[in-house]
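The values are calculated or read from the model by the stated rules, or taken from the named source; none is laboratory data. Since the structure is predicted, the reported quantities are computational estimates derived from the model, not experimental observations. Here the Cβ positions follow ideal geometry from the backbone for every residue, glycine too, while neighbour counts run over all protein chains shown.
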Amino acid sequence: MVDLIATVTLVGISELTPGPGPHEVSRVGERWLQIQLLGEVDRGTRQFRRGVGSYPGLDDPVHFARTEELEAVYPHPSTTHIRVGRLSSSQAVPVALDVNKLVVRHSAVVGSTGSGKTSVVASLLQSFARGHWPAANIVVIDSHGEYGHALSDYASVRSVLGTGATRLHVPYWALPAADILRAFAGSAGGPTTQKSWVSYVADARRTFVSTASWLKLDPSAVTADTPVPFDIREVWLRLDSENRETRQDKPNPSSVCLEKEGNAQTLTPNVYTPHGPGGRPPMQNPQFGVHGSTPELLRLGLLDPRLAFLLEPAGTAEGPDPLVGAVDSWLGGTKPVSVLDFNGVPDDAAELAIGVILKLIFDIAIRTPSGTEGIGRPCPVLIVLEEAHRYIGEDAAPIAREAANKIAREGRKYGVGLMLVTQRPSDLPDTALAQCGTIIALRLTNSSDQSKIRTALPDSVTGLAETLPSLRTGEALISGEALVLPTRALLDRPDPLPMAEDPSLDSWQTGIGTRDVQTSLARWRGIYAQERE
Ligand SMILES: Nc1ncnc2c1ncn2[C@@H]1O[C@H](COP(=O)(O)OP(=O)(O)OP(=O)(O)O)[C@@H](O)[C@H]1O
Ligand SMILES: [Mg+2]
């Protein structure tokens, strides 16, 4: 004997809307409901199975599901299921997600701003670390610096503005040449600049490879994009000199009018004798001015404290490989969660750096042989991408977009899971959303976002999807592989909370008199002082 479980998809009253039929005459006062059968609970074993083997007969009794019936349907938190909240309709029943499916089949957490996305992710991460997964391998790309607070006991937190061991480093030389210029100078420059830049960077990388004992690479196989260290300051000086050099004899490179030699390491430019008027010597070199303001923008970028996180680790000819330490720090060492805090970095540079991190983690996972201790299939890694639309959407920097989309498409095979967190699901590419096996949809007020999520949800939950704009804060529709049935759930609040709490307006009532901006300004300048030491 089985109990059938169904969800109500429509209710009505005959005078207003005739029932779905078949019927000839509607009886006055007749109330009807339309249901969709979802599965059955075996009365003996109390086990729930999706799908129905036998249909209800006429005049079978129908009643609202009781707590004990719902408990049979929803798996309890265990070594395979992680608790995320409780049923909205029956709050004694916990809702737990299948960890395997949640991690390796990707997931999306969507909701308008303030709906509780960061909170549900923080609470899930706390449950991982406190529960049965103390050796988890989770990397959180935290654009706003919110997670460190909620996870300080379990996470290695690195921030671009941190000091010492808490400083996050993403070496510029891991980027392709054009992206390095984009990160520091804000644009890749015109075609002539790009050509010079690419050729100088390739030269510099080759020189490094030919001197580095730890790299077994053939210098002739090195291109401007090969991720090996080089000194960007030397390349800057070369580009800057080309842009400003004057000569006694225009075509003769040995007739340079150098007054004072610059220094690449201190970013001091060469000083040349100003060119004469009307084409008289000293003359401009043939490339004079072709790079416009790019060399100067590059110099300012290299001095910008917000970009200092890109300058290390530099790498030396003697070794060891600086990427080993960098990747290990991104993965959080032995902590179950690693928070990479990009708060305070210009958006363009953050996108590029995040692109490098995603690309490297994925490339490493692909190459990890099974049976070893690396990341990937032997030890899956979950990447939580906050503000995912910024890195995976159409307008994202190619390196980030390609890496994120590739993980969405192929990550499952190589043990790299993705959790996309966004308030703009309509900006996510369809392919990426389609790869998300589980969707946690919090309140969505924007209609294009709602329709995007509605199309991503199975047909059986169209009724539930209508509730998207009216969900409470911290309430979500959860649907997909990690949960037996599409469900409306009240999510657990994380403890401690992330820094995402709405600010309190208490100070507007009690009044503190003066507003001290001095300390903040000192800290703001402090960043500069710290970098120039
Ligand atoms: N489960 C919950 N129950 C009750 N309140 C919650 C819950 N989760 C979050 N909140 C409250 O909602 C507010 C916003 O939460 P949160 O910062 O997580 O939203 P968000 O969706 O990440 O917002 P944003 O898009 O701006 O990043 C917070 O003040 C938090 O306390
Ligand atoms: Mg948030």
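Keeping to the stretch 54-68, report how many residues are within 23 Å of V93 (Cα to Cα) and among the aromatic types (F, W, Y). The qualifying residues number 1.
Yes or no: V62 touching a Leu at 6+ places or on another chain (Cβ under 9 Å), surrounded by 14 or more Cβ atoms within 10 Å (Cβ to Cβ) and not basic (K, R)? No, not satisfied.
In the set (1) outside the structural domain of A441 (by TED's automatic domain parsing); (2) touching a residue at least 60 places away in the same chain (Cβ under 8 Å); (3) over 18 Å from the mean Cα position of the chain (by Cα), Y154 fails one condition alone, (1). Exactly one of these conditions fails for D321: (1) under 24 Å from M419 (Cβ atoms); (2) at pLDDT 90 or above. Give me its number. So the condition that D321 fails would be (1). Any residue that is in the same structural domain as C436 (by TED's automatic domain parsing), under 30 Å from D328 (Cβ atoms) and more than 16 Å from ligand 1 (Cβ to nearest atom) - is there at least one of those in the stretch 79-96? No, the stretch 79-96 contains no residue that is in the same structural domain as C436 (by TED's automatic domain parsing), under 30 Å from D328 (Cβ atoms) and more than 16 Å from ligand 1 (Cβ to nearest atom). Filtered by the rule that a residue be crowded, with 24+ Cβ neighbours inside 10 Å, in a loop (DSSP other than H, G, I, E, B) and within 16 Å of ligand 2 (Cβ to nearest atom), the stretch 85-114 gives a lone residue, G111.
Checked against (1) closer than 21 Å to L102 by Cα; (2) touching a Gly at 6+ places or on another chain (Cβ under 6 Å), T473 passes all but a single condition, namely (1). In the set (1) on the phi > 0 side of the Ramachandran plot; (2) surrounded by 14 or more Cβ atoms within 10 Å (Cβ to Cβ); (3) of a type in the set (K, R), the condition left unmet by R46 is number (2).
Of all residues in the stretch 376-403, those that are more than 16 Å from V170 (Cβ to Cβ) and away from ligand 1 (no atom under 16 Å from the Cβ) have Cβ atoms under 9 Å from Cβ atoms of residues that are among the acidic types (D, E) and modelled with pLDDT under 90, 6 or more apart or on another chain, in C379/E373; R401/E394; R401/D395. Using the structure shown, decide if T211 is modelled with pLDDT under 95 and surrounded by fewer than 18 Cβ atoms within 10 Å (Cβ to Cβ). Yes; evaluated as a whole, the condition is true for this residue. Taking every residue in the stretch 481-502 that is under 20 Å from S107 (Cα atoms) and outside any loop (DSSP other than H, G, I, E, B) and pairing it with any residue that is within 13 Å of ligand 2 (Cβ to nearest atom) and not hydroxyl-bearing (S, T, Y), at least 6 positions away or on another chain, the pairs with Cβ-Cβ distances below 6 Å are L491/V120; L491/G474. When each of P282, P320, P277 is tested for being out of contact with any helix residue (DSSP H, G or I) (no Cβ under 9 Å at 6 or more places or on another chain), free of Cβ contacts under 8 Å to residues at least 40 places away in the same chain and not polar (S, T, N, Q), the lone residue that passes is P277.
Look at (1) out of contact with any His (no Cβ under 8 Å at 6 or more places or on another chain); (2) at negative phi; (3) at pLDDT 80 or above and you find that L497 fails only one, number (1).
Residues are listed down the side, and each one gets a yes or a no for (1) within 13 Å of ligand 2 (Cβ to nearest atom); (2) under 20 Å from R390 (Cα atoms):
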{"site": "S123", "(1), (2)": "yes, no"}
{"site": "Q126", "(1), (2)": "no, no"}
{"site": "H132", "(1), (2)": "no, no"}
{"site": "D142", "(1), (2)": "yes, yes"}
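Among the conditions (1) more than 16 Å from ligand 2 (Cβ to nearest atom); (2) in contact (Cβ under 8 Å) with a residue 24 or more places away in the chain, the only one that T166 does not satisfy is (2). Taking the criterion of being part of a loop (DSSP other than H, G, I, E, B) and among the hydrophobic types (A, V, I, L, M, F, W, C), the residues of the stretch 356-384 that qualify are I375, C379. Residues in the stretch 350-375 that are more than 14 Å from R401 (Cβ to Cβ), of a type outside the set (A, V, I, L, M, F, W, C) and surrounded by 13 or more Cβ atoms within 10 Å (Cβ to Cβ) were compared, and the one that is modelled with the lowest pLDDT is G374.
Would you mind stating whether A174 is buried (at least 23 other Cβ atoms within 10 Å of the Cβ) and over 16 Å from M419 (Cα atoms)? Judged against the criteria, A174 is a match. Selection over the stretch 443-463 of residues that are surrounded by 18 or more Cβ atoms within 10 Å (Cβ to Cβ) and either within 15 Å of ligand 1 (Cβ to nearest atom) or more than 22 Å from V121 (Cα to Cα) (or both) gives a count of 5.
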